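Working notes for the structure below.
The values are calculated or read from the model by the stated rules, or taken from the named source; none is laboratory data. Since the structure is predicted, the reported quantities are computational estimates derived from the model, not experimental observations. Note that each Cβ is placed from the backbone with ideal geometry, even for glycine, and that neighbours are counted across all protein chains shown.
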Amino acid sequence: MSKYILQAKNIHKNFITASQKIDVLKGVSLNIEKGKSVAIQGSSGEGKTTLLHVIGTLESFSSGSLTIAGKQVTKNNAAHIRNILLSFIFQNYNLLEDFSLIDNILMPARISRSNINKQSFLYKKAHELLDSVGLSKRAQFPVKLLSGGEKQRAAIARSLCNDPELILADEPSGNLDHSNSRIIHNLLIDSVRATGKSLLVVTHDKELAALCDHIYILEDGVLLDS
Amino acid sequence: MFELYIALKYLLPKRRTKSTSLVSLMSVFVISLVVWLVLVFLSVTVGIEKNWLEKLTSINAPLRISPTDAYYSSYYYQIDSLSSTSNYSYKTIGEKSISNKTDPYSPEIDMEIPTYWPKAKYKNTKLLDPVKKAFQILEEQKAQIPDLQYQDYEISGALLRIILSRQDSNTLREGKLSQLTQMSYLTTINENNPKLKSLILTPTIKDLNHLIYQIDKSSNAVQKDFVTSTSHVNNSLFKTRLKAFFDNIKINSILVDENWEMDISLLPNNATLDAYAFVYNDVITKFVIPTKETINEKKYPHLILGKLYVYDGALFFISNNNAVIPVDENVSINLETLSEFQADLLQESIDFAKNVEDIQFTIKGYLQTHLIHGQTIYKNIKINDATTTFSKKSLSPFWCYYTDKNKLTLPVKEEDGKAVLLPKSSQESGVLIGDKGFLSYASSTATSTQEQRIPIFVAGFYDPGILPVGNRCILVPSDVTRTINAANATFSPDGTPTNGIYVWFDNFSDAEKIKTKLQQAFTEAGISSYWKISTFKEYEFAKDLMEQFQSDRTLFTLIAIIILAVACSNIISLLVILVNDKKKEIAVLQALGASKKSIASVFGICGIVTGSISSLIGTLAAIFTLHNLDHLVNFLSFLQGHSAFNVAIFGKSLPNELSMEALLFIFIATPIISLIAGIIPAIKASKLCPSTTLRSE
């Protein structure tokens, strides 16, 4: 197996609207080694989120190739790769409001059809994860009652549930105040390092970027080393 | 399962999503309503169809074996007309089945067989006997199918005339005579018919009163064309009849009318009763005792109201204005209105009775709070309640009864002729059990056509079901049809072969199976060309009805599917709203790794679950409704002001059994339709682009 968790080669992405064709990504190549964290910075509208969604297999790309943990991404295996190898942390948390906190954490496991009951290993693991983000007392809480900071901590716990290889974070502290942001930054970086996962974070936040092993800048559809 | 887990979460009504909850409740309600409607409607329809089939196959068996032209033109059938052993006359199937010789022809005695005659058919050097063979095959089948019964039948026609000799309801004494004449079809009574018992109506109180009235009347007069009077029977016959009557009837209570004369001994000693007194020559000759609680002083202006006092068998009367009026020693005491008393036959009175009025009863009852107890003769009295027997005791009853093997038996009254059973419509036109009359038919001789009469008496009534000629079809013993058919050419009222064999069995859905079995056995025995086997579906008079049922059922099923589909289309709108509501969650689930297929399944399951829950609710409601159908029908009748369903078509009460077929239909159709309805929103949900949704947040 290659030492890279992510190998993106010459990724092109364009949007076709009624009147014109917009090239957003114009040949992005990016490799991330196992256990490394990478930050991508750039001005608004440069296509950072698009790049993250393309790498996260949520969106298709026009040309190029994408390999995650040695697996070539195709239309058919995208959902499976997302479930097993990837996980997301969003700016607006995106927890499932109809479910309790613990059910949210366990959702990726449910999707991969793991057997879940109160005695199962995954259930214990979910509790440990909640403990590690300091939310163990909120396990049965409906998520809509949590604060912003708590929600993002829950999202971090959820992203680790299915033991992914690469965590994709899109402005994880974008909706939070300064002190909460710092807590999230540290928690995110610490969790990733402690579990040996790789991290790709798209952010404006220089503090968060500085915590990462590499920083790239997306400019005019191309990735530049900072 | 992940999809089910999500689907159930989405379906549970939540306060936050009022619109979705409302729509989902509405869908469940509408589908339940339709399921309820379809189940109740189909169950009732299937039940009605079943009732009709039962009626159709009760007099006419579910299977009929009739002779073909090949049979009638065969040597086997024709030879009887040539042989002296057979009296030179053709034989019916019944006669053939019991005849000693398959080939009655004797070359020494009988005339030579014409050359153009059909050739005799032999099997193993013996003349083939299609009738005996058929009966033998049926007997063999009976060993395999225990509920199988068979019997030969014969149909004929004759003019029926019944003399209606009636007690005048006003005087109860003078007879009224009228006649009922109608052209009728005669069918032999099939004692082997297992369903016959359920078709026979039990004698009514009216019948019993008529029978007791007729006990001393002779039937001699009925052979006349215009009957003007009835005569009395001789004493020994009267005794026999009286004994037969009370052998089979236990009278429980009687009704006495205004003309009934109360014996003084019935009144308790020291009793004081209100009474109207009729005074003639300053002496009371008649008392009328009011039976009601309120006494109307002005009711009898010419009578005097007062108190009647009984003391030591003597009567005293004090009028309301305190006048003491002497009572004539031959005073008669009547009751004001028709009154009921418990009654017990005084057995020994039958032994010395010379006419009906000599019969005595011990009666018991209340008159103005006084207990009346004592004996009375049977005069101005009617039977009010009686228990009748249906098995033969020492003497047979006047109606049909059942032997040990539950076989229907007709009463025998030599002096009155043959016992016949009339359709229940004649009961409605006033015929009673015990009425006498005759069957008239034409008999051709070489020079003229003569009228012949067979005396008959009515032994009961039966429900002809849906025979097209049911209202004119009389059940008669087989010798009656044989006599008539021997005298003139046979005819068929509705295309039913006039002679054949009926085969009965419990489950009429087995008809085709049994037909095939018999057909096979007949072919093997080489007699299949002589017989035509038809199931009730092929009967000439039933064909249209069967087709009607079939097309009705197809139509109803089609309508049911359409309204179910309309109801289930609610699921589409429910799920479309749900999909729009859950757009973000769908995108998140996809980001967490849920495939498009899983997302589609979630909404498909939502559809099926909604459909299934609604079916369940609808089914429970339908079971409840069918259970209380009678109340519902009564309520509908009350609302309409007349009977909601015609008794003639639907029976006394609507069938209220849940049809398993309808249930099966619902439990297959609803989930399928719901699933189909769920597919459109499901596809819409799976087509959502997660990236776009997540970005727009």
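Take the conditions (1) surrounded by 14 or more Cβ atoms within 10 Å (Cβ to Cβ); (2) in contact with a Leu (Cβ under 7 Å, 6 or more places away or on another chain); (3) farther than 30 Å from B:Ile189 by Cα; (4) touching a residue at least 60 places away in the same chain (Cβ under 8 Å); B:Phe341 misses just one of them, which is (2). You will find that of B:Ile137, B:Ile200, the residue that is more than 29 Å from the chain's Cα centre (by Cα) and in contact (Cβ under 8 Å) with a residue 60 or more places away in the chain is B:Ile137 and no other. Residues that are at pLDDT 85 or above and of a type in the set (Lys, Arg) are absent from the range B:389-409 altogether.
Within the span defined as the range B:440-455, one or more residues are touching a Gly at 6+ places or on another chain (Cβ under 6 Å), in contact (Cβ under 8 Å) with a residue 24 or more places away in the chain and closer than 20 Å to B:Asp216 by Cβ.
The residues listed here are A:Arg113, A:Arg82; of these, the one that is surrounded by 22 or more Cβ atoms within 10 Å (Cβ to Cβ) and facing another protein chain (nearest Cβ under 9 Å) is A:Arg82. The sole residue among B:Ala594, B:Ala587 that is in contact with a Phe, Trp or Tyr (Cβ under 8 Å, 6 or more places away or on another chain), buried (at least 17 other Cβ atoms within 10 Å of the Cβ), under 30 Å from A:Ala79 (Cβ atoms) and within 12 Å of chain A (Cβ to nearest Cβ) is B:Ala594. For the range A:22-42, a residue qualifies if it is more than 14 Å from chain B (Cβ to nearest Cβ), more than 15 Å from A:Gln7 (Cα to Cα), of a type outside the set (D, E, K, R) and in contact (Cβ under 8 Å) with a residue 60 or more places away in the chain, and the qualifying residues are A:Ala39, A:Ile40, A:Gln41, A:Gly42.
Picking from residues in the range B:651-695 that are assigned to a loop (DSSP other than H, G, I, E, B) and within 14 Å of chain A (Cβ to nearest Cβ), the one that is nearest to the chain's Cα centre (by Cα) is B:Leu688.
The requirement of being of a type in the set (A, V, I, L, M), surrounded by fewer than 18 Cβ atoms within 10 Å (Cβ to Cβ) and either away from chain A (no Cβ under 14 Å) or in a loop (DSSP other than H, G, I, E, B) (or both) is not satisfied by B:Ile533.
Flag set for B:Leu467, criterion: at pLDDT below 85 and either in the same structural domain as B:Glu140 (by TED's automatic domain parsing) or buried (at least 19 other Cβ atoms within 10 Å of the Cβ) (or both). For the range A:47-79, a residue qualifies if it is within 11 Å of chain B (Cβ to nearest Cβ) and of a type in the set (Val, Ile, Thr), and the qualifying residues are A:Thr49, A:Thr50, A:Val54, A:Thr57. Among the residues of the range B:230-259, those that are more than 26 Å from B:Leu367 (Cβ to Cβ), more than 30 Å from the chain's Cα centre (by Cα) and surrounded by fewer than 19 Cβ atoms within 10 Å (Cβ to Cβ) comprise B:Ser231, B:His232, B:Asn234, B:Asn235, B:Ser236, B:Leu237, B:Lys239, B:Thr240, B:Lys243. Filtered by the rule that a residue be within 18 Å of B:Arg161 (Cβ to Cβ) and modelled with pLDDT of 85 or more, the range B:418-432 gives B:Lys418, B:Ala419, B:Val420, B:Leu421, B:Leu422, B:Pro423, B:Ser425, B:Ser426, B:Gln427, B:Gly430, B:Val431, B:Leu432.
Would you pick out the residues in the range B:350-368 that are free of Cβ contacts under 8 Å to residues at least 24 places away in the same chain and surrounded by 17 or more Cβ atoms within 10 Å (Cβ to Cβ)? Before the answer, list the steps.
Step one: list which residues in the range B:350-368 are free of Cβ contacts under 8 Å to residues at least 24 places away in the same chain, which gives B:351-352, B:357-358, B:360, B:362, B:364, B:366.
Matches in the range B:350-368: B:Gln360 only.
Residue under question is B:Ile433, and the condition is that it be β-branched (Val, Ile, Thr), out of contact with any Lys or Arg (no Cβ under 7 Å at 6 or more places or on another chain) and part of a loop (DSSP other than H, G, I, E, B); does it hold? Yes; evaluated as a whole, the condition is true for this residue. Applying the criterion of at least 1 residues that are in contact with a strand residue (DSSP E or B) (Cβ under 7 Å, 6 or more places away or on another chain) to the helices (runs of 4 or more DSSP H) found wholly in the range A:118-219 leaves A:148-161, A:178-195, A:206-211.
Any chance the range A:212-222 includes a residue that's free of Cβ contacts under 8 Å to residues at least 40 places away in the same chain and either more than 15 Å from the chain's Cα centre (by Cα) or under 21 Å from A:Arg110 (Cβ atoms) (or both)? No, the conditions are met nowhere in the range A:212-222.
A quick yes/no check of all residues on (1) surrounded by fewer than 16 Cβ atoms within 10 Å (Cβ to Cβ); (2) at pLDDT 90 or above:
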position: A:Phe121; (1), (2): yes, no
position: A:Lys125; (1), (2): no, no
position: A:Leu129; (1), (2): no, no
position: A:Lys137; (1), (2): yes, no
position: A:Arg153; (1), (2): no, no
position: A:Ala169; (1), (2): no, yes
position: A:Ser181; (1), (2): no, no
position: A:Ile184; (1), (2): no, no
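Only a single item in (1) modelled with pLDDT of 85 or more; (2) within 27 Å of the chain's Cα centre (by Cα) is not met by B:Tyr441, and it is number (2).
A single member of B:Ile501, B:Ile514 is surrounded by 20 or more Cβ atoms within 10 Å (Cβ to Cβ), in a helix (DSSP H, G or I) and β-branched (Val, Ile, Thr), and it is B:Ile514.
The residues on offer are A:Ala18, A:Ala8, and the sole one that is buried (at least 22 other Cβ atoms within 10 Å of the Cβ) and hydrophobic (A, V, I, L, M, F, W, C) is A:Ala8. Note on the range B:317-399: enclosed strands (runs of 3 or more DSSP E) holding 3 or more residues that are over 27 Å from B:Asp207 (Cα atoms) and of a type in the set (Val, Ile, Thr) are B:327-335. Taken over the range B:54-97, the criterion of being free of Cβ contacts under 8 Å to residues at least 24 places away in the same chain and under 29 Å from B:Asp510 (Cα atoms) is satisfied by B:Asp69 alone. Take the conditions modelled with pLDDT of 85 or more and either surrounded by 15 or more Cβ atoms within 10 Å (Cβ to Cβ) or not hydrophobic (A, V, I, L, M, F, W, C) (or both) and apply them to B:Lys298. Does it pass? Here the answer is no, as B:Lys298 does not meet what is asked. Scanning the range A:85-108 for residues that are more than 7 Å from chain B (Cβ to nearest Cβ) and in a strand (DSSP E or B) yields A:Leu86, A:Ser87, A:Ile89, A:Ser100. Within the range A:117-162, if we keep just the residues that are among the basic types (Lys, Arg) and under 19 Å from A:Phe90 (Cβ atoms), the residue that is farthest from the other protein chains (Cβ to nearest Cβ) turns out to be A:Arg153. With respect to the stated conditions, A:Arg82 is in contact with a Gly (Cβ under 8 Å, 6 or more places away or on another chain) and in a helix (DSSP H, G or I). The helices (runs of 4 or more DSSP H) located wholly in the range B:1-105 that include 3 or more residues which are away from chain A (no Cβ under 14 Å) occupy B:18-59, B:69-72, B:75-78, B:93-98.
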